[in-house]
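Please treat every number below as a calculation from the coordinates, not as lab data. Please read these numbers as outputs of a predicted model, since none were measured by experiment. As a convention, Cβ positions derive from the backbone with ideal geometry for all residues, glycine included, and neighbour counts pool all protein chains shown.
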Amino acid sequence: MKLSEEKIYTNTGNKDVLALVTDEGNCVLDIGCGSGSVASILKGRGKTVDGITISQTELDEASKVLRKGYIYNLENGLPKEISDNEYDYVICSHVLEHIAFPEKLFADIKRVLKKDGHLIIALPNVFYYKYRRQLMKGSFKYEETGVWDYTHLRWYSFEMTKEILKKNNFEIELATVTGDLPFTSLLKYLLPAGLRKALYGMLTGISKGFFGYQLLYKVKNVK
C-alpha cells in the first residue's frame, strides 16, 4: 500500500470529545486541529478557538474558523507566543500518539491553561479486542488511518495514560472509553439501543482496556 507523503486530517469532529466541552469557559486551544472540523463545531457553539497543526494545507482550511492558527512541531511543546493562562480548554484529540516525547508538550499545556482549566484527551486503544487479535496473530500493516496509522509513534493503555496524567500534575475528572458491543452490526437488529448501551457499560466495567475502542480523559489543571 502506498502511504501519503503529507498526512491531511479531515473528519466530522470527535463527538465524544466535543461532549466534554461544556458551556463553562469560552476559549479553546485545539492541538492537532487538522482542517478545523472540531473548531468549526465549537465556533458554532460560541467558543473562541485557536489551533495548531504541522500542515500548511490543513491550516489554510482551518483558518476559516480559527481565531489564530499556528504551524508548529509539537515535539517542541507549544509556540512561545501563546500567552500563559489563556485557555479554558485544551484539546488533544488523537494527537499524543504522534509525538515521541510528550513531556515538553504537557508542561506547556499547563502553562497556557487557566487555573482549573481542562485538558481533554482522546487516544486510540491498541489493546481493543480486535487489535489484540491481530497482534496475537503476529500480523498488522501500517495504514493511512486508524490505530495502525503510519504516523503513530507511541501506544497508550488505559491505566498507563492515567499514570502519565497524574505524574504531570493533572487532576483526573473523567477517565473512560467509548465504543460499542462486539458484533454490533448483528446486535443492532436484535437489541434496542438502550439495552446495547447498558450491556456495553457492563463490559467496559469488566475491562475498559479490552472493550474500549477509544480512550477518553478530561482532567483539570491544578497548577
Could you work out how much longer the chain between V222 and T48 gets when fully extended? Use 0.36 nm per residue separation minus the Cα distance between them, nm to one decimal. 60.4 nm
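R0 = 35 Å: FRET efficiency of E159 with N26, Cβ-based, nearest 0.05?
Working: r = 33 Å, r/R0 = 0.95.
Using R0 = 35 Å, I get an efficiency of 0.60.
Which value at 222 nm does the chain reach when only helices count, each DSSP H run of 4 or more adding -39,500 (n - 2.57), with the total divided by all residues and rounded to the nearest 500 deg cm²/dmol? If you can, show how the numbers build up before the last one.
Details: 9 runs with 69 residues, N = 223.
The helix contribution divided over the chain gives -8000 deg cm²/dmol.
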Suppose we keep just the DSSP beta bridges with both residues in the chain; what percent of those would be antiparallel, to 5? 45
With just the Cα atoms defining each centre, how far is the range 203-222 from the range 67-141? Give it in Å. 16
Between F210 and K115, what is the spin-label point distance in nm, taking each point 7 Å from the Cα along the Cα→C-beta axis? 4.5
How big is the charge dipole of the range 1-130 about its Cα centre, in debye rounded to the nearest 20, if each Lys and Arg gets +1 on its Cβ and each Asp and Glu gets -1 on its Cβ? 180
Dipole of the chain [Lys/Arg +1, Asp/Glu -1 at C-beta], most positive-end residue of Y129, S37, Y70: Y129
Using per-residue counts of other Cβ atoms within 10 Å, averaged over each peptide, order 29-35, 118-124, 194-200 from highest down. 29-35, 118-124, 194-200
If Lys and Arg each add +1 and Asp and Glu each add -1, what is the summed charge of the other residues whose beta carbon sits under 15 Å from the beta carbon of V65? +1
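How much length is gained on full extension from I172 to S63, taking 0.36 nm per residue of separation minus their Cα-Cα distance?
Using 0.36 nm per residue and subtracting the Cα-Cα distance, I get 36.1 nm.
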Given a Förster distance of 45 Å, the FRET efficiency implied by the Cβ-Cβ spacing of L199 and D84, rounded to the nearest 0.05, works out to 0.45
Mind checking the angle between helix 103-112 and the chain's longest principal axis? C-alpha axes, 0 to 90 degrees, to the nearest 10. 60
How large is ³J(HN,Hα), in whole Hz, for each residue of the range 159-167 in order, when computed from phi with the Karplus curve 6.51 cos²θ - 1.76 cosθ + 1.60 and θ = phi - 60°, using x for Gly and Pro? 6, 4, 5, 4, 5, 5, 5, 5, 4
Among all lysine pairs in the range 16-155 that are eight or more places apart or on different chains, how many have alpha carbons less than 26 angstrom apart? 26
Is the range 56-149 best put as rounded, prolate or oblate by its Cα gyration tensor, with a ≥ b ≥ c the root eigenvalues, rounded for a/c under 1.5, and otherwise prolate when a/b is larger than b/c, oblate when not? prolate
